[in-house]
1. In nm, give the distance between the simple-model label positions of T481 and I193, each being 7 Å from the Cα along the Cα-to-Cβ direction.
2. For the peptides 137-149, 299-311, what is the packing order when you average, over each peptide's residues, the other Cβ atoms within 10 Å and list the highest mean first?
3. Taking region 366-453, which trypsin sites (Lys or Arg not before Pro) meet the DSSP loop condition and have no more than 11 other C-beta atoms within 10 Å?
4. For the chain, build the charge dipole from Cβ charges (+1 Lys, Arg; -1 Asp, Glu) around the Cα centre, then report which of A555, Y237, T361 sits farthest towards its positive end.
5. Express the relative contact order of the chain as a whole percentage, based on alpha carbon pairs under 8 Å and six or more residues apart in sequence.
6. In terms of Cα to Cα distance under 24 Å, which lysines are near enough to K342, apart from those fewer than 8 places away along the same chain?
7. Based on DSSP, what percent of beta bridges with both residues in the chain are antiparallel, to the nearest 5?
8. Which whole DSSP H helices in the chain pass both tests: a Cα extent of 15 Å or more along the axis and a mean Kyte-Doolittle value no lower than 0.0?
Amino acid sequence: MKHKTVFLLVVLLASILRLYKLDRVPVSMFGDELDVGYHAYSILKTGRDYQGNFMPLHFHSLAEWRTPLYLYSTVPTVAIFGISPYGVRLPAAFFGIAGVIAVYLLVKKVTKTKRLAMFAAFLLTVSPWHIQYSRAAFEVTEMLFFLLMALLFYFKAREKSKYLWVAVFFAMLMPWVYSTSKLYVPLVLLTAIFIWRKWLALIPLKHKILAVGTGLVLGLPLIVVTLTGEGSQRFGYVSVFSDPTVVPEVGVDRWEDAKSRGETGEGLSPAIADRLIHNKYTVWLKVITNNYLQSFSTDFLFMNGDPNPRHSIDGIGEFYRIDSIMLLVGIIVFLKSKLEIKVKTFLVILLLLSPISAAITRDGGNHATRLILMLPFIVLLVSYGLNWLRKHKTAFVMCCLLYVVNFIFYQHNYWVHNPYQSERWWHAGWGEAIQLIKQDEKNYDKVIISMAGEPAWIFFAAYMEYPPEAWQENFPIDNKTSLRGFGDVSHIAKYYFGTANVEGGIYSLPSLIDGKTLYLANAKEVGGNLIREPDKTPIGLKLIDSVAFPSGEPAFYLFTKS
């Protein structure tokens, strides 16, 4: 009973950390979250994504194709809450909480130790890495939940082979959630087949057929959409193999080799040695190995984390610094434990495989989203360290106090400093700006939304909850018109997306618009701070309203001609 009570308290804490003020922190829905929300809204209203594709296997967003499962997961919550923080973020929070339960069940099944499982659940509950991704519309908490469930049912299947198809089912769902799994899952399946090939050969034929059939049903459509380009387009953007800097780097290296031999001038031909040492393959290998090793670095794991403020809190690693000590202890304890050698080997290989997908992408060495497959395995190792330290009461108490200090420091940064430090990364201000347009547009014939900052289409469509049927029929990116002073701009109905391209920029705006036109300006187009000094509004313009970032700095201004 005491153990169950503690477990329920851990789940309650996980729920609080992932649900408390979910509508306010992070401070705004960034573009990808709104993209998720508007796709879900379009599916809800029309059965099509916002580009008009019927119940797609990959969603066609503004610049890429997106994996579908998280977007479909948000349809019920968007139906209830609309395109809002709760509408797009609740599924991530739900799978984050479910992941805490799943890691407990998995560790208990593998190790037969309830206390070790409780440590793992608690560590995942308070993990900065896991909390960060559970509080925004990131797909990866859903992917992690499916990974944990796949492993749980695989170890169940070793006792009762009827569960094998369930393990395959959860594993094959992962690539439908996030693209890094498209490489990781096949590697995991091959590893499992190799390590337990003798056991797999002995299980009943009907269970093999069911497992293989499940894999084919979920895997073949994925192969088709990947080969046709829909499922691989994003990889083409971020892959090291398409990095345009590789060829110039090779050229510079070969030129330096020639220079070291005293050769100068134009039209030099590289020597055979130059070609062997400096080529795109050696550059790719260098980048991939650097990325792979960086993912295990103390800087990424314990010191600074991902440099993107949406992915990590400034100055805080993906794990607490005290975790670094417990990880070292845990590795030793894990390797010396009585756990079956095949299980140890399997789990170690899964950890070593987890950064590979990220390593073959640009900036993949510290990209927390692509590297999150590492998280549960490191949590397991840290749990072993804590479980061992528990036998040394004084050291264990000191360690717990350090965890409390680390946790308080992280929470303070997350709730107090991070909202202001990351406000621009979360595209704060857009929601309020579109609301201003909603309030005033009935009095105007034309609304021009500046493209001086982020591309405005998805912010407008999502915050407006623009009718998806109309959006699909008159997709604004493809719907261009010429607007005096703005050039060719995209538009839908009376809404135009563009920036003044004449000399003087916004200060020439009075000559380009009339009193029946609204212009939503990015604050950087104006300079200064019209919120504090509205009298400095450009001559000829009337400042209708303004929007500030949470920090108080100006974000947007709404103008018309005075």
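1. The modelled label-to-label distance comes out at 5.7 nm.
2. 137-149, 299-311
3. On the way: sites: R370, R390, K391, K393, R424, K438, K442, K446; in loops: R370, R390, K391, R424.
Of the trypsin sites (Lys or Arg not before Pro), the ones in loops of region 366-453 whose Cβ has at most 11 other Cβ atoms within 10 Å are K391.
4. T361
5. Computed value for the chain: 14 percent relative contact order.
6. Correct list for K342: K108, K109, K112, K114, K156, K160, K162, K198, K208.
7. Values: 22 of 29 bridges.
Looking only at bridges with both residues in the chain, the antiparallel portion is about 75 percent.
8. 2-19, 85-111, 114-126, 140-157, 181-195, 205-227, 321-336, 341-353, 375-389, 393-412
We did not get these values from a lab; they are worked out from the coordinates using the rules stated. Just so it is clear, the structure is predicted and the values come from calculations on it, not from any experiment. We place every Cβ from the backbone using ideal geometry, glycine too, and count neighbours over all the protein chains shown.
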